[in-house]
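Right, one structure below, let's go through it.
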Amino acid sequence: MISQPVRDETDASYVVVGDGIAGSSAAAELSDRTTNASITVVTGESEPLYNRILIKEFAKGTLSADVVRMHDRSWYDDRDIDLRLGTRVEAVDTAAQVLETEAGKSIAYDELLIATGSTPRSLPVENADADGVTTFWTIEDAEEIRQNAARAEHNVIVGGGLLGIDYAAIAAAQDIDAHYLIREGHWFSGALSETGAEIVHEALRERGVTPVVETEVSRFETDDAGHLRAAIASDGRRYEADCAGVAIGTTPNTGLLEETPVPLEDGIVVDETLQTDVPSVWAAGDVARYDDPRLGRHVSNGSWGSAAAQGELAARNMLAAPDARAPFEYVPSYSVSHFEFPLASFGHPRLGDTYHERRYGDREWRRLAFRDGQLVGGVLIGDREPLQAYKQLTASGRHVHHQVQQLLAPSFDGTVFERQSSPLASD
């Protein structure tokens, strides 16, 4: 870990674009590790950081907005961070090291961190912007979804990923008759097999949410006032809906860098230290595509813990000499808590070249993803106890595919691997 900055702090200006958990964590780290540096956080949001993990509970009606909010203005003031709300960056001049805002203001920087996150994709179909059709990303979205659900009798959810399951849980909590339209053959298809997905499908049905697989929306039907009335599938079936939730993925917010030499490829391409090819420009959070040497490729992950860790590391590396910068090494995980049974994913469960799974009971199941013999991710349903052991083994980069039966043992806790002499031993 880097303990001391090497920059003359009295002259240094650090600018963070984005006040999500990545940007906020970076700003806090910079404040903790400097004394006289100028730290500015620029964000298009109308209010300071809130917990994006908890907004689904706010939308369900189980938490108040006050619980979801994390920081107020005083949090930034106490740390001498200049927070600029409602400020959108239009362009970056990397040669002059200056940001240009939509309002025509210029902000100079010595080191720049882009933590702009991503934006939900909308369906490219007729009436996708109808009253009652929402995406789910901000606290304002959550408030709209909450209000829609309170007065709805029928709901449609579109999208077979983790945000889609949050929408489904909101419908279930409000006792809305809902159809969950999934383009693939089952939910979370890149990470789950049909066996694991069916456990989730059955739990949804029990809560009044009907999964409809291999189905796409061709258009939304509205009334004369422009309010949603139904979703029409590509096969002609009509699903009545007073509101609809669209969760078909996100697009990284990279527009401010389009006219710069910063490499963009489904995000901002950075090295293992989170720096771009352009000096003094860094990226963190789900907008960043970082080099993961274990996988031998660039990947992105914007889970809450991963984004926070990226922000903190980027800040430390900004303050460090080039030869003292640390690589980003993190195994993300994500939990779904909407059901009577827990569900958790870890690592990159979609990136395996080989998969193994085991069912232990009606609602207990695991699937592990391997790539080039290494454990790279997985999903656990019904028992989270092995999660930390799996994450540690994934982080080690060891070749363990030949020990898959031990890995899938019901009581696996990693101790058999801890006893082996070398954490990086291969077969």
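The values are calculated or read from the model by the stated rules, or taken from the named source; none is laboratory data. The shown structure was predicted, so the numbers you read here are calculated from the model rather than taken from an experiment. These accessible areas exclude ligands, DNA and RNA; they are computed on the full protein's heavy atoms, side chains included. Shrake-Rupley method; radii C 1.70, N 1.55, O 1.52, S 1.80 Å.
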Worksheet item: Where does the chain land at 222 nm, in deg cm²/dmol rounded to the nearest 500, when only DSSP H runs of n ≥ 4 count, each adding -39500 (n - 2.57), divided by all residues?
Response: -6500 deg cm²/dmol
Worksheet item: What shape does the chain have by the C-alpha gyration tensor, where a ≥ b ≥ c are the square roots of the eigenvalues, rounded means a/c under 1.5, and otherwise prolate means a/b greater than b/c and oblate the rest?
Response: oblate
Worksheet item: Which ³J(HN,Hα) values in Hz, rounded to whole numbers, follow from the phi angles of region 342-359 under the Karplus curve 6.51 cos²θ - 1.76 cosθ + 1.60, where θ = phi - 60° and Gly and Pro get x?
Response: x, 9, 9, 10, 9, x, 10, x, 8, 9, x, 9, 9, 10, 9, 9, 8, 9
Worksheet item: Taking only C-alpha pairs under 8 Å that are 6+ residues apart, what is the relative contact order of the chain in percent?
Response: 14
Discussion item. With every protein chain left in place and a probe of 1.4 Å, what is the accessible surface of residue 131, to the nearest 10 Å²?
Written reply: 80
Worksheet, complete the sentence: Probe 1.4 Å, all chains present, heavy atoms only: residue 334 accessible area in Å², nearest 10, is 50
Practice prompt. Mind jotting down the distance between the C-alpha centroids of region 162-208 and region 338-383, whole Å?
Written response: 17
Item to complete: Report ³J(HN,Hα) in whole Hz for each residue of region 61-67, in order, from the Karplus equation J = 6.51 cos²θ - 1.76 cosθ + 1.60 where θ = phi - 60°; Gly and Pro get x.
Response: x, 8, 9, 8, 4, 5, 5
Fill in: Three-way shape label, region 213-345, alpha-carbon gyration tensor, a/c 1.5
prolate
Worksheet item: Accessible area of residue 214, 1.4 Å probe, to the nearest 10 Å²?
Response: 140
Worksheet entry | Three-way shape call for region 270-427 based on the alpha-carbon gyration tensor, with the a/c threshold at 1.5 | prolate
